[in-house]
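Questions regarding the structure given below will be posed in turn.
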Amino acid sequence: MSTVLTTFGIGDESDRLYRRVLRQDGLRVEQHAEALDWPLERARSALLPLIELRLVRQDLDASLVAPHPRAALTRLVDRENARLNLRRRELEEVAAAMSEFSADHLAGRSDILDPTSLDVIPADSLAGTVEEMLRTTTGPIRSFHLEVAAGAAADSGVDSRAREGLEHGRELRSIYPVSVLDDPQHLAWVREWAALGERQRVVDKVPSEYAVLGDACVISAPIWGGSASSAVLIRMPLLVAAFTAVFDDAWASGIAVPDEDIEQDADTRLLSLLASGFKDEAIARYLGIGVRTVRRRVATLMDDLSVHSRFQLGVVAERRGLLGGRR
């Protein structure tokens with residue numbers, strides 16, 4: 001039978017004896033054995049763990065005395081908590097090393113992985129896998145970001161490896177949702193990477209989160225449209241090409257992150273955003289103005305160009321060369 005003291009290695013019989021000693025201090029083990037109708041050896045066996053844990057002591061006259069249980073049990077609880085904290089730290093160290101072991105495992109299998117299979121990358125191995133793929137692949141990196149400064153991108157090892165690639169001339173293209181312009185910290189993060197050499201575009205809505213590394217592989221969120229807390233590693237050339245095509249289409253229709261230091265014609269920027277399919281709310285974010293202002297300016301442009309729909313506005317603007325160039 002389990003007791004509340006089982007966690008200290010105290011079984012049912014020791015528990016019963018302990019409770020008797022608490023209630024009747026000063027009796028000898030023989031007297032407790034007789035009251036419990038136990039053989040003497042049984043009582044001595046039950047007494048042994050109580051003495052070892054200092055829940056009961058045996059005085060010189062062989063009588064059994066139990067110190068106050070609050071102090072005695074608190075001491076045992078504190079001891080076990082210390083052990084648990086130590087064990088927790090040890091387990092945390094093992095968990096922290098999992099990504100390193102996973103990366104080593106992946107590196108060892110790089111030549112034998114079936115290119116037609118999908119390898120599931122658990123969350124605790126994702127950063128290590130991304131870092132390993134950055135190290136072992138070549139060619140441009142194409143990344144869709146649903147979130148900024150989150151997930152594997154925020155890992156120090158991945159960050160260092162990506163910066164190292166840029167320093168050595170590796171092309172890094174990233175597409176962000178236009179909502180990054182709403183958060184000063186996110187915008188600062190994006191502009192920091194732009195200063196390092198990352199090529200960037202923003203779109204109204206990022207379709208999913210993934211990265212294409214050269215023509216070697218894709219690291220993608222396991223669910224389309226979801227963020228990559230865990231991921232799948234895709235090596236099939238057909239799928240790598242398909243993910244690349246989706247990215248390149250989005251890149252072609254995206255708009256550069258607005259540069260604080262460059263003055264651009266307001267109407268040209270507005271028309272370019274409309275032509276790229278941005279909704280009024282996204283245009284307002286990009287231009288830093290209100291949605292009503294966007295709609296008023298669109299109406300003014302339609303009137304100036306004598307058109308009756310936004311579609312006609314785009315066609316006429318294209319014909320007259322009013323959209324400007326894209327970076």
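Could you list all residues from the range 298-322 that are in a helix (DSSP H, G or I) and either open to solvent by 80 Å² or more (accessible area, probe 1.4 Å) or in contact with a Pro (Cβ under 7 Å, 6 or more places away or on another chain) (or both)?
Of everything in the range 298-322, those that are in a helix (DSSP H, G or I) and either open to solvent by 80 Å² or more (accessible area, probe 1.4 Å) or in contact with a Pro (Cβ under 7 Å, 6 or more places away or on another chain) (or both) turn out to be Asp303, Asp304, Arg310, Phe311, Glu318, Arg319.
List every residue pair whose Cβ atoms sit under 7 Å apart, with the two residues 6 or more apart in sequence or on different chains, where the first one lies in the range 49-63 and is open to solvent by 60 Å² or more (accessible area, probe 1.4 Å) and the second, anywhere, is of a type in the set (Lys, Arg) and modelled with pLDDT of 90 or more.
Taking only residues 6 or more apart or on different chains, the pairs are Ile51/Arg57.
Has the range 200-220 got any residue that is surrounded by 17 or more Cβ atoms within 10 Å (Cβ to Cβ) and in contact with an Asp or Glu (Cβ under 7 Å, 6 or more places away or on another chain)?
no
Looking at Ala162, Ala150, can you tell me which residue is at pLDDT below 90 and not β-branched (Val, Ile, Thr)?
On inspection, the qualifying residue turns out to be Ala150.
Take the residues in the range 52-81 that are among the β-branched types (Val, Ile, Thr) and part of a helix (DSSP H, G or I); name whichever of them is farthest from Gln31 (Cα to Cα).
Among those that are among the β-branched types (Val, Ile, Thr) and part of a helix (DSSP H, G or I), it is Val77.
Taking the condition open to solvent by 20 Å² or more (accessible area, probe 1.4 Å), modelled with pLDDT of 85 or more, assigned to a strand (DSSP E or B) and within 30 Å of Pro122 (Cβ to Cβ), does Ala241 pass?
no
Which condition number in (1) in contact with a helix residue (DSSP H, G or I) (Cβ under 6 Å, 6 or more places away or on another chain); (2) assigned to a helix (DSSP H, G or I); (3) at pLDDT below 90; (4) of a type outside the set (Ser, Thr, Tyr) is the one that Met1 fails?
Every listed condition holds for Met1 apart from (2).
Go through the range 143-165 residue by residue and tally those that are surrounded by fewer than 18 Cβ atoms within 10 Å (Cβ to Cβ) and assigned to a loop (DSSP other than H, G, I, E, B).
Of the residues in that region, 4 qualify.
The values are calculated or read from the model by the stated rules, or taken from the named source; none is laboratory data. What you see is a predicted model, and the numbers here were worked out from it, not measured in a lab. Quick reminder, even Gly has a Cβ in these numbers, built from the backbone with ideal geometry, and neighbours come from all protein chains shown. Areas reflect the complete protein model, heavy atoms only, side chains present, ligands, DNA and RNA absent. Shrake-Rupley method; radii C 1.70, N 1.55, O 1.52, S 1.80 Å.
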